[in-house]
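Data first, discussion second: the structure below is written as structure tokens.
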Amino acid sequence: MQRSHLNYVVQDSKWEQSAAYHLDQHPRVVAFVKNQGLGYSIPYLHNGQLHSYLPDFIVRLDSGVQLVLETKGHDPLEAVKTQAAERWVRAVNAEGSFGEWRYAISHAMNEIAALVEAVASRA
């Protein structure tokens, strides 16, 4: 790993392994970390109960944007988690002292490079 301060990425799936590779190779990525054991989670309500959503990666882009990146296969709660993440991003951006944040979700590994480029270019 060249763009992560960690020399290994804990992979829960081949999707996450592939995502880490693409992030490590992307020229717009300054740094990234797999969100494993960091204590970063996004709270959400589902069926009246509080849950914690742990997105897969946190990525710092050369535009200064912090990207919360999820790699996703099928998840019946995807819409609920996406709404929670987008709400969290709006709140942290409105507060203003933590820089600019974005949320993105990738359903295919071959789209990660274009997704990162699009987010970095919108800054």
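Each peptide in 50-62, 74-86 receives the mean, over its residues, of other Cβ atoms within 10 Å, and ordering these scores from highest gives 50-62, 74-86.
Secondary structure note: in region 14-121, about 70% of the DSSP beta bridges are antiparallel. Taking label points 7 Å from Cα along the Cα-to-Cβ direction, Q36 and Q83 give a separation of 3.1 nm.
Spin-label pair E95-D75: with each label point 7 Å from Cα along the Cα-Cβ axis, the two points sit 2.1 nm from one another.
Taking a quarter of the surface of the Cα convex hull of region 14-121 gives a mean projected area of 7.0 nm². From its DSSP helices (H runs of at least four residues, each -39,500 (n - 2.57)), the chain gives a residue-normalised ellipticity at 222 nm of -10500 deg cm²/dmol. Please compute the net charge surrounding R122, taking Lys and Arg as +1 and Asp and Glu as -1 over other residues with Cβ under 14 Å from its Cβ. My count for the surroundings of R122 gives -1.
Residues whose amide H comes within less than 5 Å of that of A31, counting only those at least five positions distant or on another chain, are R60 (H built at 1.01 Å from N in the peptide plane).
Only the coordinates and a few stated rules stand behind these numbers; no lab work does. The model shown is predicted, which means the values in this text are computed figures rather than measured ones. Here Cβ is always computed from backbone atoms with ideal geometry, including for glycine, and neighbour counts include all displayed protein chains.
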